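Okay, structure first, notes after.
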Ligand code: ATP
Ligand code: MG
């Protein structure tokens, strides 16, 4: 073929080229894991620009994570050079919608400098609303309301769109009322939540034809990766934009739909042909990522799902090793074992960035962290415990938010008495009352109230001083870089001093994190840019550090690949999750199975699955049985191994005492002992640290945040 030497097309197979060259009209690329869907989409993007079919700014390209967007940008850059730099519309749904909304904010009653609040703020806001309206928060938790509101927004529903059943879903028919109250409150705060980014834009598209037409004209081509995980609002948003030119290319894999809990609808990909009649469907069947053993194991597993399109996958790669399934005694041993395996890989010359541990639930990561810190193995955690969620970082950001946007009450509330300046709840209450009665933000109320005698003199003076500080910082914002501003604010507010005065290891770690924050800000020109970046940092965002093992959730690993993948915790109740089991529905178990398929197909060379006989979950020791998914792996592609020696019989005894609801699991367990060994109690009391220790799902102790691999920790 004449294209063979072309850096863009040369590396692609026939169907991939077709996906690149069929630029006009709707295209659906539906194919299994590792078949080069993302690679083809990237080449298509490069091709469109290179052949001048569109300017970079005329292409809308949606990726699932910010990381994926960065990688795509980089790759396109390699293919076509600096032309890629003007690609403002390459990003996640959220980042693209946020950018659009900045331009049209006034159409939904916001200002262009609106704040994007995160789930933590969202919950606080809802709590306030619930309290202010005399609802029993124990009975109607804010978390539940937050979940409902997210669900409504994911489905593109405004408060007025809720039907009776939806309305009933909260506080005996007050769902709509609280949703509306929340939206009103956000508007006063000049803020929106993540769900709003797309919903507001959808509302604007529907009510302002001119705006919609502007984007329909602008985007000559629309490209979407991971289409199987789009939710309703994303789908509607895309369909509106693409419906005029119809040059839309979506890629996906129905077997990798793993976000239905967040409103994703695999149906979107299945009905693409109906939405865009005459679409070209391209199937890719050659897998370039994994060895045949890995591929066969994953394909064998996913066959247990009934609801799938089904597809063929093949590969030319060397057969490779079978999947390893390792049974261990408990969680710490699992971590020890994985640590040893990784050290062995390291000695054999495997780069650490090619090693990943993919977990089902956040709580699983702690054991690996503890172990890796002990043995001095560098790792990074992606997702979950995000840098920007640490308390000290949130405090610093709150200061910056109040500077950028004085109406940001949530931020103001966070720091008005942090560090402690003697402003108590009483003062805050008065501020709130003052603000409410005059319909002004808290910061404005603080200034206002200082002219009255509503507050005792001391509180008044403190507030005046604080507001003076903010005025000064706001002035500085015009001249200082964001990083300089942050350093100044942290010093002048007394925040740094307060931490230093603590003289604890924990405080030292926090100070280190704050310097890290300032370092991160050096990449940004304006405070607004930086704050927007922070709001958009999604789960998969990570300091692009090599030489580190990656620990992340299976969900976050979508689209990625690693030479060596470890999959710990394949036990009933961990994976599939207890929740999926309890729900009992076919759909939730099939989603878990798709997750298993995603997890296994991240591996290029070796995949190791582990299950422990005993696990401590939220401070409770429980005995566990291997995941049903272990039993579903085709035997001929699996190598079983157990490290249970002395404990083995105990373990089996333990295992056999479980009622046996999963007959298929039994296949994976050839020998079973009927009675429980007498040593069980003894073993339990000797081997385990019986002290209940809460393993929190989302927040680790500050000490472990501060802990850096290879540093001297784990001693304190
Ligand atoms: P997933 O479903 O997991 O998102 P995918 O279909 O998007 O997978 P890619 O990530 O694009 O697959 O590609 C998988 C691997 O195969 C990558 O390492 C990619 O560089 C490589 N690859 C893709 N196409 C080809 C090709 N034609 N020749 C050689 N390698 C390829
Ligand atoms: Mg992909």
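Taking the DSSP beta bridges with both ends in the chain, the antiparallel portion is around 10 percent. What shape does the stretch 61-117 take by its C-alpha gyration tensor, where a ≥ b ≥ c are the square roots of the eigenvalues and a/c under 1.5 counts as rounded, a/b above b/c as prolate, and the rest as oblate? Cα axes put the stretch 61-117 in the prolate bin. Using C-alpha pairs under 8 Å with a sequence gap of at least 6, the mean separation divided by the residue count of the stretch 232-352 gives a relative contact order of 21 percent. Here the relative contact order of the stretch 142-262, from alpha carbon pairs under 8 Å that lie six or more residues apart, stands at 26 percent. Peptide packing: for 107-117, 126-136, the average count of neighbouring Cβ atoms within 10 Å per residue gives the ranking 107-117, 126-136, highest mean first.
Dividing the mean sequence gap of close Cα pairs (under 8 Å, 6+ apart) by how many residues the chain holds gives a relative contact order of 17 percent. Ranked by the mean number of other Cβ atoms within 10 Å per residue, highest first, peptides 408-417, 631-640 order as 408-417, 631-640. As a proxy for reagent exposure, 152, 261, 140 were ordered by neighbouring Cβ count within 10 angstrom, fewest first; the result is 261, 140, 152.
Annotation: peptides 56-69, 480-493, 564-577, 434-447, ranked by per-residue average of other Cβ atoms within 10 Å with the highest first, follow the order 564-577, 56-69, 480-493, 434-447.
Shown for 479, 418, 550: other C-beta atoms within 10 Å of each C-beta, ranked fewest to most, produce the order 479, 418, 550.
Every read-out reported here was derived from the displayed coordinates using simple, explicitly stated rules and does not represent laboratory data. The model shown is predicted, which means the values in this text are computed figures rather than measured ones. For neighbour counting, all protein chains shown are included, and Cβ atoms are generated from backbone atoms with ideal geometry for every residue, glycine included.
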